[in-house]
Amino acid sequence: MKYKPQNALLEGSTAGTLGALAVAFWFLIIDLGRGGMFTTPALLDGLLLHGGAVPASLRSAAEYSVVHFAAFVLFGVIASWLLKTSERHPAFFSGVVLLFCVFEFFFLTLVGAVSQEALQTLIWWRIVVGNILATAAMLTFFADRHPWLVARLKTKWRHSRGLSRTNAMRPGKRAPSPSSPQVP
């Protein structure tokens, strides 16, 4: 399929929306488990948009949700563009992996910089779990549209753990040359 910028916009917006929904649902479960509703979005709304605490309400949840969904849609569009670019230029794939890692770090740093109390209230691992769920939702969506993505992620994972084919060879045995046929 020929690359078109609107494809990246639609695909990225969809992936971003799925990621945002995953995090929103996760925080809803956390809030309900703590006996409240909209506590997490109200806390983030107060910190990021009002500079202080605001009562948990549907309004505060809606205000924060606009920012939350916009950030995820923007992130999804950037990720989609990087994926489409890395299909033509494989070196850009590292940018995709880096983008997901930097996004996680950025959000934790942002919340911690704005308020240590908020980071303690939200508890860092809840944020990490929410973003892992968002990443899983987005990557599942992207993997369906970019079949090479899963194979490349597995290869990167193996290489990062030192399990590449040449490292897994027995001592004294030479790795086959790229031009020679592989025999199972």
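Taken together, the values in this text are just the output of simple stated rules run on the coordinates, not laboratory data. What you see is a predicted model, and the numbers here were worked out from it, not measured in a lab. With ideal geometry, Cβ positions are generated from the backbone for all residues, glycine too; neighbour counts draw on all protein chains shown.
Let me spell out the model: positive unit charges on the Cβ of Lys and Arg, negative unit charges on the Cβ of Asp and Glu, origin at the Cα centre of segment 1-144. What dipole size does that give, in debye rounded to 20?
Roughly 280 debye for segment 1-144.
Please give the net charge around Ala118, taking every other residue with its beta carbon less than 12 angstrom from that of Ala118, where Lys and Arg add +1 and Asp and Glu add -1.
Result for the neighbourhood of Ala118: -1.
Taking only C-alpha pairs under 8 Å that are 6+ residues apart, what is the relative contact order of segment 5-160 in percent?
Rounded, it is 31 percent for segment 5-160.
Could you please report the charge total around Leu47, scoring K, R as +1 and D, E as -1 over all other residues with beta-carbon less than 13 angstrom from its beta-carbon?
In short, -3.
If eta is 0.890 mPa s and T is 25 °C, what Stokes-Einstein diffusion coefficient results for segment 5-160, Kirkwood Rh from Cα pairs, in µm²/s?
In µm²/s, the coefficient rounds to 150.
Which of Asp144, Asp45 has the fewest other C-beta atoms within 10 Å, and how do the rest follow up to the most?
Listing Asp144, Asp45 from fewest to most nearby Cβ atoms yields Asp144, Asp45.
What net charge is computed for the residues neighbouring Pro147, neighbours being all others with C-beta under 15 Å from the C-beta of Pro147, Lys and Arg scored +1, Asp and Glu -1?
Charge balance in the 15 Å sphere: +1.
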